[in-house]
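In what follows, a single structure is set out as C-alpha cells and then discussed.
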Amino acid sequence: MAAEYGALGEAMREAGVFVDSGQLSPGDAARLVRVTAGEAEVIDGPAPGVGQLPSAYFVIDCADLDEALKWAARIPAAAYGSIEVRPPR
C-alpha cells in the first residue's frame, strides 16, 4: 500500500497539484480545547459522537471541485473506505 501512496503523491507532483500530505495520530491522541468565560479546558480524546476519524490527509491545489474529486478517487483508501473532500474557505 505504501507504494500506491508513493505513486499517487508522485503523480500529484507531476500534475502540479500537490501541496502537502501526511499521516494523523490515532483518535485517542486527540485533545479538545474549549474556552468558556476566558478559561481554556482541555479534554482527552476525539470529539464525542464522531464516527470515522481521518488517518491521513492530502492538500491539493486543483482548478475546480471536479478535478479534486478525480484525485480523491485515486487515493488507495477509497477502495475500502471513504475520502472526504473539502474546498478551502
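Would you check if there is a residue in region 14-26 being in contact with a Gly (Cβ under 7 Å, 6 or more places away or on another chain), within 23 Å of PRO88 (Cα to Cα) and surrounded by 11 or more Cβ atoms within 10 Å (Cβ to Cβ)? Reasoning before the result, please.
At the first step, the residues of region 14-26 found to be in contact with a Gly (Cβ under 7 Å, 6 or more places away or on another chain) are 18, 21.
Subset that is within 23 Å of PRO88 (Cα to Cα): 18, 21.
Remaining after also requiring surrounded by 11 or more Cβ atoms within 10 Å (Cβ to Cβ): 18, 21.
Yes: one or more hits.
Checked against (1) part of a strand (DSSP E or B); (2) open to solvent by 90 Å² or more (accessible area, probe 1.4 Å), GLU4 passes all but condition (1).
Taking the listed residues VAL33, VAL17, the one that is within 21 Å of PRO76 (Cβ to Cβ), at pLDDT 90 or above and among the β-branched types (Val, Ile, Thr) is VAL17, with no other qualifying. Please work out if ASP66 is touching a Lys or Arg at 6+ places or on another chain (Cβ under 8 Å) and surrounded by fewer than 13 Cβ atoms within 10 Å (Cβ to Cβ). No, not satisfied.
The values are calculated or read from the model by the stated rules, or taken from the named source; none is laboratory data. Nothing here was measured: the structure is a model prediction, and the numbers come from that model. Cβ coordinates were reconstructed from backbone atoms using ideal geometry, including for glycine residues, and neighbour counts include every protein chain displayed. Heads up: the accessible areas ignore ligands, DNA and RNA and are worked out on the full protein's heavy atoms, side chains in. Shrake-Rupley method; radii C 1.70, N 1.55, O 1.52, S 1.80 Å.
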